[in-house]
1. If you bin the C-alpha pair distances of the stretch 223-293 every 10 Å from 0, what whole percents do you get?
2. Between GLU52, GLU150, GLU234, find the one with the highest GNM mean-square fluctuation for the chain; connect C-alpha pairs within less than 10 Å.
3. Which Rg and Dmax, in Å, describe the Cα atoms of the stretch 101-221?
4. Post the alpha-carbon centroid distance, the stretch 174-224 to the stretch 268-292, in whole angstrom.
5. Percent relative contact order of the chain, based on C-alpha pairs within less than 8 angstrom and at least six residues apart?
6. Remind me, what semi-axes does the stretch 89-169 give for its equivalent ellipsoid, largest first in whole Å, using sqrt of 5 times each Cα gyration tensor eigenvalue?
7. Explain nothing, just the number: relative contact order of the stretch 223-293, from Cα pairs under 8 Å at least 6 residues apart, as a whole percent.
8. For q = 0.11, 0.12, 0.15 Å⁻¹, what log10 I(q)/I(0) does the stretch 157-272 give under the Debye formula with an equal point scatterer on each alpha carbon and no solvent?
Amino acid sequence: MIEVRQLSRHYGALKAVQDVSFSIDRGEIVGLLGHNGAGKTTIMKMLTGYLEPSAGSIQIDGLDIAEQRREAQRRIGYLPENCPLYPEMTVLDALDYQASLLGIPIERRPAAIRRAVERTELGPKATATIGTLSRGYRQRLGVAQAILHEPRILILDEPTNGLDPAQIQHMRALVRELAREATLIISTHILQEVEAVCGRVLIMRSGRLALDSRLDAIGGRPRLLVTLDRGPDEALPVLSALEGCGAVTVLETKDGVRRRFALETEDAPALAPRVARTACERGWSLYALETERQDLEALFGAVTLERMEVPHG
Ligand SMILES: Nc1ncnc2c1ncn2[C@@H]1O[C@H](COP(=O)(O)OP(=O)(O)OP(=O)(O)O)[C@@H](O)[C@H]1O
């Protein structure tokens, strides 16, 4: 659905985006993650046809954005980072104006506007002037403008930026709702944003794509963490002998009584009940039994650890 090949964009000597390639299938929700200045907005502007790449190609639904820009843009809805809105217009006027810019025929506009208002729950503010809206409602209006023409691809730049926690919850619910009918790319520097709504993450670092991974693949195979009231001398031989258990590592001693062990295994859900049964049979106290997963935060930290300067020249 989206094919990006060796995309680069330079601003003078500054290499804002360098040699980035990825493809996105229909129905995916992809988080584009990176520190400030990593190149996220530059990529989004190129995907939406508002900025020309210095090198590389972008295909949207099989259309080359350099050659069939208008056609490709018709398939895309875009919420820019600072969505420009006219404060003196009402919500309905703004949507009507946007519908005309999008080329929606006049007879189809009322239905398109009604549907966008319903989906973004803007009904109570439909006749309010934009200048009186809260930040949350303005963002919803930005999204409503982006979905008026029912695009197959939605690109949202920092959709929860500046929202309060309740507004963030609402925006996330809206994003999930929108994803039922469209492919979504969401740019953010907030990890929780990606974990809350995305199935896949692209991490940018200094203009380059540092990681492209499905979220459920992050962290690899989880270890089983076991907290017992037994020391390594007693527990290690028993745990290591359990069916399906690989190497066992002693992690730490908790309060002098509880010990934590990490069990490597191909199948943590199958090993967990064996550990519980064995502890019970031996009269050990089992304080905790949990699977370990390297989370996105750890990964993001590792991938973006070196905050490299954007190279010049
Ligand atoms: N029009 C421009 N002219 C010159 N440099 C620019 C321009 N737009 C962006 N840059 C620079 O390109 C780099 C990438 O910027 P970009 O806005 O794409 O990053 P970002 O990841 O979206 O950051 P943020 O999270 O802060 O929005 C930055 O160093 C930025 O200063």
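1. 22, 63, 15, 0
2. GLU234
3. According to the Cα coordinates of the stretch 101-221, Rg and Dmax are 16.2, 55 Å.
4. With the stretch 174-224 and the stretch 268-292 each reduced to a Cα centre, they are spaced 33 Å.
5. 20 percent
6. Numbers: eigenvalues 88, 44, 20 Å².
Whole-Å semi-axes of the equivalent ellipsoid: 21, 15, 10.
7. Numbers: 121 pairs, mean separation 32.8, N = 71.
The value is 46 percent.
8. -0.62, -0.69, -0.80
Readers should treat all values here as calculations from the given coordinates under stated rules, not as data from a laboratory. Note that this is a predicted model, so its numbers are computed, not measured. For neighbour counting, all protein chains shown are included, and Cβ atoms are generated from backbone atoms with ideal geometry for every residue, glycine included.
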